[in-house]
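The values are calculated or read from the model by the stated rules, or taken from the named source; none is laboratory data. Keep in mind that this is a model prediction, so the values were computed, not measured. Ideal geometry is used to build each Cβ from the backbone, glycine not excepted, and the neighbour counts take in all protein chains shown. Surface areas here come from the heavy atoms of the whole protein model, side chains and all, with no ligands, DNA or RNA. Shrake-Rupley method; radii C 1.70, N 1.55, O 1.52, S 1.80 Å.
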Amino acid sequence: MGKILFISNRLEKIQHYAKIFDKKPYEFFTSSDEGAIFEITEINNPDIIIFDHAFVNVKQIIKKLKSVTTSSSFVFLTQNTVIENDIIKYINAFLTEEMSDELVLSTIAVNLKTKNMLERLSDTNKNLADSLYRLNVLYSTSSQFAGSLDKGKLINYMVEGLDKSLSFDLTCTLCTEDEPVLILNSLYEISDELLSAIKLRTVLNYKSLFEDKNPPFEIDIENLKVIKTVKYPANRFTFTIFQYDNMFAPISLGDNFFGCIEIFKEAPFTSDDATCFQTIAQQVSLPLKSATLYQEIMETNLKLEKLERLKSEFISIVSHELRTPLTAIKNSLDIISSERCGTINESGQKFLSMAQRNVQRLAGIINDLLDLSKIEAGKMEYHFTNMNIHSVIDYVKSTLFGVAKEKGLNLIAEETLNLPEIYADAQRLEQVLTNLVSNAIKFTPEGKNIIIRSHLAKAEQLNAPDCFKDDLKKLNGEYIVVCVEDEGIGIAEKDLLRAFDKFAQIENSLSRKVGGSGLGLPIAKQLLEAHSGAIWCDSELNKGSKFYFALPVNAVTSNLEKSLILN
């Protein structure tokens, strides 16, 4: 049914049009009083308004009505085909005096149908605009979720997204992870009495989620912490807030419970509102879970850092405390061995030599522990000078040649002549190479060879197993490369990187037999990093190993520059 208002003061026309629309699906009413026209329009909200051209001030009335109503369609009853432009621009359709009743009805029906279609199109466009706006809010909120690992910010983003998409009056968010906290975001101020009721309602909702099970937290309403944000404090909510439409959703982090949220709005929620609400409540779960895991990782890292620091301090203290009595034992053994305290028989000399070897071995372990402690504390001292790698190789070869020969091994040096100088600490490089050759001696069977090689290479020419690729990628320029090759037991590919871990020992019968602190290679790695170099190995089980280290040729700098690099 359509409502039709006919504005005319011609009685015969009023009667004629009343007869046309009689017993039709229309509600027809008329007015000839200029003052009452606007009141009738406001009360009846007509679908079609027909203006009689003969009505007084018709042009002014059309203009005024057009400014106060947008829902009515304007039809003009004209006497001729010549119509003023001021009227044409406001009118949707025209009738003439000579039109038959059927044509009048047809014109009005078509105009009414067009009006209804336009209204539906307008509603559709509005719904589409609302949907697009909400999708944009959801996208923006999701982007904010993805960009933060702060749980407080994530809750704020959730509330902001709900406010933009639903325009709520009140949200009550209960978070239970660290301690139960009720976060209120309110349009108006909340009285203490209403706050108590909201707290009670929230706790009851929380407990209802677990049915017969015990909830993860026991919440004391009296001591429940409340964080409140009020948009317009000048106004105040009353208990009628509980008569508003509301929605409720839990916030879960997989198998763990995080909290719940309830939202109130005076206007009824639509099904689209419910979908949007549930979507945002679910979207926040994943970033909250990530934030929780991140927090756990950070707390675990802090504990590990503390344990690492305590371990380093313990190692340093114990090493220093062991060194003093060990020095006294070594000196005593040396005095006894020199027979200044009396003659020692052959059997006693055998046991005395065994004690001296083990004292020397223990001293080496303590020195490794002290070096590691200094390196980790950043207190290792370096004395850099321009030097040649040949001197380091010659020193280590001459020092360990006798040890290798005693075990039936051939220690050979195959060096490239005239290698350029490097800027390094000779004593620390001797320590690195001594460790590599000593390991080769330990793990190489009798009658085999150990070869020390040196050569010049560019960074891009260096090759290593995949587990060391990242270390070599950092190198740039020319390097002197030293290699210690043995024909020993070798290392499985899966254990190559582990060989450089602190206190690590590759599990096999020979490694358990020879023992050791497991600190030599980690210390060597740290010392070479201080030289802007790298260390790696290539090995095959039962065929031997090749340990390489590279030192930059272009690292010839002043002591001041090196000090800045190390710091």
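Couple of notes before you dig in:
- Between the stretch 1-60 and the stretch 439-490, the Cα center-to-center distance that results, in Å: 103
- Using just its DSSP H runs of length 4 or more, each adding -39500 (n - 2.57), the chain gives a mean residue ellipticity at 222 nm of -16500 deg cm²/dmol after division by all residues.
- Carbon + sulfur, % of accessible area of the chain - ligands and nucleic acids excluded, 1.4 Å: 52
- Length gained on full extension, ASN80 to GLN243, computed as 0.36 nm times the residue gap minus the Cα-Cα distance: 52.7 nm.
- Gyration tensor (alpha-carbon) shape descriptor, the stretch 385-511, a/c threshold 1.5: oblate
- Estimated FRET transfer efficiency when R0 is 22 angstrom, pair THR416-TYR382 (beta carbons, to 0.05): 0.30
- The distance separating the Cα centre of the stretch 226-245 from that of the stretch 93-163 comes to 29 Å.
- Relative contact order for the chain: 8 percent, from Cα pairs under 8 Å spaced at least 6 residues apart, divided by residue count.
- Shape class for the chain, computed from the alpha carbon gyration tensor (a ≥ b ≥ c): prolate, with a/c not under 1.5 and a/b above b/c.
- Inter-label distance, GLU321 to LEU132: 7.6 nm, where each label sits 7 Å from its Cα along the C-beta direction.
- In sequence order, the stretch 167-184 has phi-based couplings of 6, 6, 9, 7, 10, 10, 10, 9, 10, 10, 5, 7, 8, x, 9, 9, 9, 10 Hz under the Karplus curve 6.51 cos²θ - 1.76 cosθ + 1.60, θ = phi - 60°, and Gly or Pro positions carry x.
- Label-point separation, ALA54 to LYS311 (7 Å along Cα→Cβ), nm: 10.7
- Modelled this way, with points 7 Å down the Cα-to-C-beta line, the labels at GLU346 and ALA109 are 13.6 nm from one another.
- Amide H contacts of VAL230 (H built 1.01 Å from N, under 5 Å, at least 5 apart or other chain): SER186
- Residue-by-residue Karplus 3J(HN,Hα) for the stretch 423-439, coefficients 6.51, -1.76, 1.60, Hz, glycine and proline x: 9, 7, 9, 4, 5, 6, 5, 4, 5, 5, 5, 4, 5, 5, 5, 4, 4
- For the stretch 314-396, GluC sites (Glu not before Pro) meeting the loop criterion (DSSP other than H, G, I, E, B) and having at most 15 other Cβ atoms within 10 Å: GLU339, GLU381.
- Qualifying trypsin sites (Lys or Arg not before Pro) in the stretch 265-370, where qualification requires a DSSP coil assignment and no more than 10 other C-beta atoms within 10 Å, comprise ARG340.
- Rounded, prolate or oblate (a/c below 1.5 giving rounded, otherwise prolate when a/b exceeds b/c) for the stretch 206-276 by Cα gyration tensor: oblate
- Rounded accessible area per residue of the stretch 360-478, 1.4 Å, Å²: 54
- The stretch 154-221: trypsin sites (Lys or Arg not before Pro) in DSSP loop, at most 16 other beta carbons within 10 Å: LYS213
- 3J(HN,Hα) couplings calculated from phi for the stretch 303-317 with the Karplus curve 6.51 cos²θ - 1.76 cosθ + 1.60 (θ = phi - 60°) are, in sequence order, 5, 5, 4, 5, 5, 4, 5, 5, 5, 5, 5, 5, 4, 4, 5 Hz; Gly and Pro show x.
- Under 5 Å from the amide H of PHE94 lie the amide H atoms of PHE76, each residue being 5 or more positions distant or on a separate chain, with H modelled from the backbone and absent for Pro and chain starts.
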